[in-house]
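What follows is a set of notes on a single structure, which appears directly below.
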Amino acid sequence: MMQGTNVTVNATVGIDKINFYTPNHYLDLVDLAQARGVDPNKFLIGIGQSKMSVAALDQDIVAMAANAAEPMLSADDRQKIGLLIVATESSIDQSKAAALFVQDLLELTGNLRAIEIKEACYGATAGIQLACDYVRSHPGRKALVIASDIARYGLDTPGEVTQGAGAVAMLVASDPAILAIEPESLYESRSTGDFWRPNYSTLAFARGKFSEEVYIGMFEELWAKAQDQEMANPEHLQALLFHIPFSKMGRKGLRTLGGGKIAEADYVRLTERFEQSIVYGKEVGNIYTGSIYLALLSLLENDESLRAGDRIGFYSYGSGSVAELYFGTLQPNYRQRLDVQAHRTLLDNRERLDMREYEAMFSAALVTDGSEQDLGRSDHSVAAPHYLAGVKNHERQYR
């Protein structure tokens, strides 16, 4: 016990609430394949994707982040949040944190730390670990971590099919209702040139095959360390989640455990659960920092065989590169925190774009000369109360 308090410093900490938002427009990848003159199975099977969400200008990372968090926060949550983190590699400002815009939109108190974290697709995991450390030292407070990104590679480029947009919001607290996160994890950082986006570019650059090699190589190293330290007994691991810029990438990572490296029954179980974890991602596409946490939500909402007490592993990877392997345990009554119907409605109610509409939406841009620009609202649903209304004097105006 901490002297002079009634709370323990080693209280269980983890994800208490989770929600996601994705824009209400999407492109069917069969349409993209036909327009680009390739076999649709190259996308549907070759990379394992079926659709990708497309963000209009008014749904930038700030608006998406606020829309992901809004439905799950109670008045009590808003008072107790002492740390707000937005993890993104689609930042809207070189100085001011996106978290400060989100703080305003969500009407949070001023008694908090608001920061933005960047390390490619690993950023949200850095945020989760920082949030857990914060709550462990401030047991009466909560932390809000939001992963929000728009993946852009350019029209008619090799990476075009791995685009997407969306945000995942997670409330971290003591005695969490969904997932208790173990304090010990394994991680590694090394400077690689597999993926980057210079300040002057709105599009990302990637060395795709090399990135896969680094992704898989770092997973194999961390998994081996976890075995040596008896942190990852496959027999007691009910699911293993991966960062999934596209589902085939995570499947390749999981396949490194095949061929007798772990017991066949364990490999079959992890493979079956992996398939449930990519249901949402196949519909939304790549959301960078949020991809592994969209996989978590997909698993929890699509696999009815999971039980309280099940242990889940997370392999988080961010190009450049940082990787982490950590674990958590499902909590009793975790299903009561999920809103399956809302998420299925969100996906089902999106509008399908034709190629002309998609290319026009992709090519639209905000003014950069200080002039005034008013934006129409692209999503009038209850899922999107927050939006970017325009730009004036180089400042984004949110409503």
Restricting to region 343-378, what's the tally of residues that are under 30 Å from S95 (Cβ atoms), under 23 Å from the mean Cα position of the chain (by Cα) and not in a loop (DSSP other than H, G, I, E, B)?
2
Just checking, which of L299, L353, L347 is over 30 Å from F219 (Cα atoms), of a type in the set (A, V, I, L, M) and touching a Ser or Thr at 6+ places or on another chain (Cβ under 9 Å)?
L347
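Residues checked against (1) over 25 Å from G320 (Cβ atoms); (2) in contact (Cβ under 8 Å) with a residue 40 or more places away in the chain; (3) outside the structural domain of D156 (by TED's automatic domain parsing):
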| residue | (1), (2), (3) |
| --- | --- |
| F205 | no, no, yes |
| E213 | no, no, yes |
| F246 | no, yes, yes |
| L254 | no, no, yes |
| G258 | yes, no, yes |
| Y280 | yes, yes, yes |
| N286 | no, yes, yes |
Given (1) in a helix (DSSP H, G or I); (2) in contact (Cβ under 8 Å) with a residue 40 or more places away in the chain, identify the lone condition not met by E324.
(1)
Based on this model, can you work out whether S305 counts as of a type in the set (S, T, Y), touching a Phe, Trp or Tyr at 6+ places or on another chain (Cβ under 7 Å) and either closer than 22 Å to F20 by Cβ or not assigned by TED's automatic domain parsing to the domain that holds A65 (or both)?
no
Are there any pairs, at least 6 apart or on different chains, whose C-beta atoms fall under 7 Å, with the first in region 329-352 and touching a residue at least 12 places away in the same chain (Cβ under 8 Å) and closer than 27 Å to H380 by Cβ and the second surrounded by 18 or more Cβ atoms within 10 Å (Cβ to Cβ) and among the aromatic types (F, W, Y), and if so, which?
H343/F20; R350/Y26; R352/Y26
I'd like to know if region 379-388 contains one or more residues that are surrounded by 14 or more Cβ atoms within 10 Å (Cβ to Cβ), part of a strand (DSSP E or B), outside the structural domain of A167 (by TED's automatic domain parsing) and of a type outside the set (S, T, N, Q).
yes
Does any residue of region 360-374 turn out to be under 22 Å from D60 (Cα atoms), crowded, with 20+ Cβ neighbours inside 10 Å and in contact (Cβ under 8 Å) with a residue 40 or more places away in the chain?
no
Going residue by residue through region 187-205, is there one that turns out to be modelled with pLDDT under 95 and assigned to a helix (DSSP H, G or I)?
no
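Only one residue in L171, L179 is touching a Gly at 6+ places or on another chain (Cβ under 6 Å) and over 30 Å from V367 (Cα atoms), so which one is that? Write out each step before concluding.
Working: L171 fails: touching a Gly at 6+ places or on another chain (Cβ under 6 Å).
Of L171, L179, the one residue that is touching a Gly at 6+ places or on another chain (Cβ under 6 Å) and over 30 Å from V367 (Cα atoms) is L179.
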Could you check, for region 153-175, whether at least one of its residues is more than 20 Å from the chain's Cα centre (by Cα) and assigned to a strand (DSSP E or B)?
yes
Of everything in region 175-227 that's over 30 Å from G140 (Cβ atoms) and acidic (D, E), which residue is surrounded by the most Cβ atoms within 10 Å (Cβ to Cβ)?
D194
Residue list for region 217-245, restricted to those being closer than 18 Å to L299 by Cβ and out of contact with any helix residue (DSSP H, G or I) (no Cβ under 8 Å at 6 or more places or on another chain)
H236
Please count how many residues of region 197-243 are among the hydrophobic types (A, V, I, L, M, F, W, C) and within 20 Å of T157 (Cβ to Cβ).
5
Scan region 71-87 for residues that are surrounded by fewer than 24 Cβ atoms within 10 Å (Cβ to Cβ), within 18 Å of Y21 (Cα to Cα) and touching a helix residue (DSSP H, G or I) at 6+ places or on another chain (Cβ under 8 Å) and jot them down.
P71
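The values are calculated or read from the model by the stated rules, or taken from the named source; none is laboratory data. Because the structure is a prediction, the values reported are computed rather than measured. Here the Cβ is made from the backbone with ideal geometry for all residues, glycine too, and neighbour counts use every protein chain on show.
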